[in-house]
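The values are calculated or read from the model by the stated rules, or taken from the named source; none is laboratory data. Since we're looking at a predicted model, the values are computed, not measured. As a convention, Cβ positions derive from the backbone with ideal geometry for all residues, glycine included, and neighbour counts pool all protein chains shown. The protein model used for the area step is the full one, side chains on, heavy atoms only, and it has no ligands, DNA or RNA in it. Shrake-Rupley method; radii C 1.70, N 1.55, O 1.52, S 1.80 Å.
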Amino acid sequence: MSNITFAHPWILLLLVLIPMLAAWYIFKYRKQHAALQFSNLKLFQNAKKTFRQRFYPALFALRMVALAAAIVALARPQSMLSRQEMKVEGIDIVLAMDVSGSMLAEDFRPNRLEAAKSVAKDFIDGRRNDRIGLVEFAGEAFTQTPLTIDHQILLRQLSSMKSGDLKDGTALGDGLATAINRIKDSEAKSKVIILLTDGMNNLGSVDPQHAAEIAALYDIRLYTIGVGTRGNAPYPMRDQFGRIHYQNIPVEIDEPLMTEMANTTKDGRYFRATNKKSLKEIFAQIDKMERTKVDVTQYSQHRDEYWPWLIISLAALAIEELLRLLYFKK
């Protein structure tokens, strides 16, 4: 049971009914009266209970077993790890997303980072047969999720991403290099990195253009996305009293560098996303790319295990009913 969880654990509270019903049955059993009463019981004082009399409470026990098993089945026990070998037709994609402080600018609603996460979620939901990985970067880079077909884990990691997790700044080269390291050994014919940022390279130990050249050596297609409106964008600033004020800051994206990085790789492209529609156009382009068969091992987090409990419940009810109708017939 160490790897078992329940989809509806609150239903297990109904198990408290079992001891309550048992107490009620014992109380009722002791208080029951004979149908015929005698003024003197000496005639029966040496009489022993028959096996049928002693075994009769087993009917109630079987009913309680059936009830308990049914409650457990309703709570939907699930195994947390189940391995499944499968072939999928897809491509390998790594999303490298900027989580620097500037991604909190509110020219996108509610801000750039949350808007990008929302579009990325829709993209992942539409790519069920693709292995997808996730890298976040700011002043440094970090792998949130390696390439995986388990999109539930991927989406949870995507939802947990927030600005402030990493040192502030924009290290485009480090973010791209980390993404390359995640995908370079892939055996897929199509390997794609989508790098999303709203700023200019100002930190990191890897030159962005040099990282793009490495991506080209590994036959990785690079899509770069500049996120941000044109002109100025409102940015939330907190004063010494904790109050939030908005200040318009200039939107600065190094589009020549982003374009050069994308063009270094085969069929790579740069996109300027001023709204969600721009991002969806990128994903539409990825949908047109070739696909290839990939062998993957899928680890499903949840697999229903209620059938054994349901079988136990039905079997206990069936045995109880048969005994009541045949052996304990009244």
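Residues are listed down the side, and each one gets a yes or a no for (1) over 30 Å from residue 54 (Cα atoms); (2) among the polar types (S, T, N, Q); (3) at pLDDT below 65; (4) touching a strand residue (DSSP E or B) at 6+ places or on another chain (Cβ under 8 Å):
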position	(1), (2), (3), (4)
280	yes, no, no, no
284	yes, no, no, no
289	yes, no, no, yes
298	yes, yes, yes, yes
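I'd like to verify a number: residues in the range 204-229 that are over 21 Å from residue 132 (Cα atoms), open to solvent by 40 Å² or more (accessible area, probe 1.4 Å) and in contact with a Lys or Arg (Cβ under 8 Å, 6 or more places away or on another chain), how many?
0
For the range 163-180, indicate whether the set of residues that are under 18 Å from the mean Cα position of the chain (by Cα) and of a type outside the set (Phe, Trp, Tyr) is non-empty. Steps first, answer last, please.
In the first step, residues of the range 163-180 are kept if they are under 18 Å from the mean Cα position of the chain (by Cα); the result is none.
Looking through the range 163-180, none of the residues is under 18 Å from the mean Cα position of the chain (by Cα) and of a type outside the set (Phe, Trp, Tyr).
For the structure I just gave you, tell me whether residue 220 is in contact with a Pro (Cβ under 9 Å, 6 or more places away or on another chain) and modelled with pLDDT of 85 or more. Don't jump to the end; show me each part of the working.
On the way: in contact with a Pro (Cβ under 9 Å, 6 or more places away or on another chain): no; modelled with pLDDT of 85 or more: yes.
No.
So, residue 197, is that one closer than 18 Å to residue 101 by Cβ, touching a Gly at 6+ places or on another chain (Cβ under 8 Å) and not charged (D, E, K, R) or not? Walk me through it before giving the result.
Details: closer than 18 Å to residue 101 by Cβ: yes; touching a Gly at 6+ places or on another chain (Cβ under 8 Å): yes; not charged (D, E, K, R): yes.
Answer is yes for this residue.
For the range 110-149, give me the residue count where each residue is under 19 Å from residue 164 (Cα atoms) and of a type in the set (D, E, K, R).
5
Mind counting the residues in the range 121-143 that are buried (at least 21 other Cβ atoms within 10 Å of the Cβ) and among the basic types (Lys, Arg)?
Of the residues in that region, 1 qualify.
Mind checking which residues of the range 240-259 are under 16 Å from residue 195 (Cα atoms) and surrounded by 16 or more Cβ atoms within 10 Å (Cβ to Cβ)?
First pass over the range 240-259, keeping only residues under 16 Å from residue 195 (Cα atoms): 253-259.
Once the filter is applied, which keeps residues that are under 16 Å from residue 195 (Cα atoms) and surrounded by 16 or more Cβ atoms within 10 Å (Cβ to Cβ), the range 240-259 yields 253, 254, 257, 258, 259.
Could you list, in sequence order, the residues of the range 260-288 that are of a type in the set (Val, Ile, Thr), open to solvent by less than 30 Å² (accessible area, probe 1.4 Å) and over 32 Å from the mean Cα position of the chain (by Cα)?
Let us first name the residues in the range 260-288 that are of a type in the set (Val, Ile, Thr), namely 264-265, 274, 282, 286.
Within this subset, residues satisfying the condition of being open to solvent by less than 30 Å² (accessible area, probe 1.4 Å) are 265, 282, 286.
The answer is 265, and nothing else.
Among the listed residues 128, 112, which satisfies the condition of being under 19 Å from residue 255 (Cβ atoms), touching a strand residue (DSSP E or B) at 6+ places or on another chain (Cβ under 9 Å) and charged (D, E, K, R)?
Values: 128 fails: under 19 Å from residue 255 (Cβ atoms).
That would be 112, the only listed residue that is under 19 Å from residue 255 (Cβ atoms), touching a strand residue (DSSP E or B) at 6+ places or on another chain (Cβ under 9 Å) and charged (D, E, K, R).
Step by step: first the residues of the range 144-200, then only those that are part of a strand (DSSP E or B) and of a type in the set (S, T, N, Q), then the one that is surrounded by the fewest Cβ atoms within 10 Å (Cβ to Cβ). Which residue is that?
So the residue we want is 148.
Sort out which residues of the range 95-131 are out of contact with any helix residue (DSSP H, G or I) (no Cβ under 9 Å at 6 or more places or on another chain), at pLDDT below 90 and within 20 Å of residue 200 (Cβ to Cβ), and write them in order of number.
If the condition is that a residue be out of contact with any helix residue (DSSP H, G or I) (no Cβ under 9 Å at 6 or more places or on another chain), at pLDDT below 90 and within 20 Å of residue 200 (Cβ to Cβ), then 107 is the only one that fits.
Need the failing condition index for residue 144 against (1) polar (S, T, N, Q); (2) closer than 22 Å to residue 281 by Cα; (3) at pLDDT 90 or above, just the number.
Result: residue 144 passes all but (2).
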